[in-house]
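See below for the structure under consideration.
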Amino acid sequence: MAQWAVIIPADRWATERLFHHDTLTVAGLAGVQPAAGDRVLLVADEQAPQVVALGVVDGVPARRGAHGVPELAVTYTRRSFDEPVPAGELKLAEPVAEIDEEQYERFAARLNAGPDRQTWLVSLDLPIEAATPAEAVRQFWSYVLELGPAELPTFVSPSGDELAMQAFVLGEQANQDPEEDEDDD
């Protein structure tokens with residue numbers, strides 16, 4: 001079994017931070033390819049490389065993408081999107097690069113598995129004028145699709161502690177108190 005580092009392209013990284021997926025498909029290499037069961041460090045290359053998740057190469061054979069390059073399917077085994085591990089010492093010349101077992105283990109040990117799962121209340125409230133409840137629901141989903149996570153704040157709180165509610169936009173905590181914005185000026 002080999003170990004690999006796979007760079008998640010910036011646009012796909014933004015999507016992965018917003019939506020829960022079980023697998024990630026990225027462009028592979030034209031030459032040597034990871035095999036089913038190989039372990040993978042998933043690296044976001046924003047301003048500096050960061051290990052954001054661990055995965056395993058899916059058993060599905062690589063498919064050819066639009067440009068004839070095989071696509072690599074990776075199943076997540078551990079995510080740490082909110083607390084990535086700096087990986088400046090990973091010098092990756094290719095988007096998919098084989099790494100040694102010692103490197104893999106070192107990053108895997110540092111990658112936070114995260115706290116135990118708990119129940120969260122997540123809401124999106126929109127005031128909508130409509131003639132009927134059904135029309136209001138249709139308009140709600142139209143707004144959600146049109147505006148999306150870049151413009152609509154989502155509110156989240158631990159179940160049972162609604163006073164701890166926080167607003168998030170694009171997966172990042174966002175201040176929604178206009179009075180606090182005025183105080184900053």
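The values are calculated or read from the model by the stated rules, or taken from the named source; none is laboratory data. Quick caveat: nothing in here was measured; it's all calculated off a predicted structure. Every residue, glycine among them, receives a Cβ derived from its backbone with ideal geometry; neighbour counts consider all protein chains shown. The area values use the complete protein model at the heavy-atom level, side chains included, leaving out ligands, DNA and RNA. Shrake-Rupley method; radii C 1.70, N 1.55, O 1.52, S 1.80 Å.
Miscellaneous remarks
- Selection of region 82-93 for residues being touching a strand residue (DSSP E or B) at 6+ places or on another chain (Cβ under 8 Å) and either surrounded by fewer than 18 Cβ atoms within 10 Å (Cβ to Cβ) or free of Cβ contacts under 8 Å to residues at least 40 places away in the same chain (or both) yields VAL85, PRO86, GLY88, LEU92.
- Residue check for ALA130: open to solvent by less than 90 Å² (accessible area, probe 1.4 Å) and touching a strand residue (DSSP E or B) at 6+ places or on another chain (Cβ under 8 Å): no
- Residue match in region 113-126 (condition: touching a Pro at 6+ places or on another chain (Cβ under 7 Å) and either within 28 Å of THR77 (Cα to Cα) or surrounded by fewer than 10 Cβ atoms within 10 Å (Cβ to Cβ) (or both)): yes
- VAL156 at pLDDT 90 or above and surrounded by 14 or more Cβ atoms within 10 Å (Cβ to Cβ): yes
- Residues of region 1-34 satisfying the condition of being assigned to a loop (DSSP other than H, G, I, E, B) and either within 15 Å of PRO95 (Cβ to Cβ) or modelled with pLDDT of 90 or more (or both): ALA2, PRO9, HIS21, ASP22, GLY28, LEU29, ALA30, GLY31, VAL32, GLN33, PRO34
- Of all residues in region 94-110, those satisfying the criterion of being open to solvent by 40 Å² or more (accessible area, probe 1.4 Å) and at pLDDT below 90 are GLU94, PRO95.
- Residue within region 28-39 that is buried (at least 16 other Cβ atoms within 10 Å of the Cβ) and of a type in the set (D, E, K, R) present: yes
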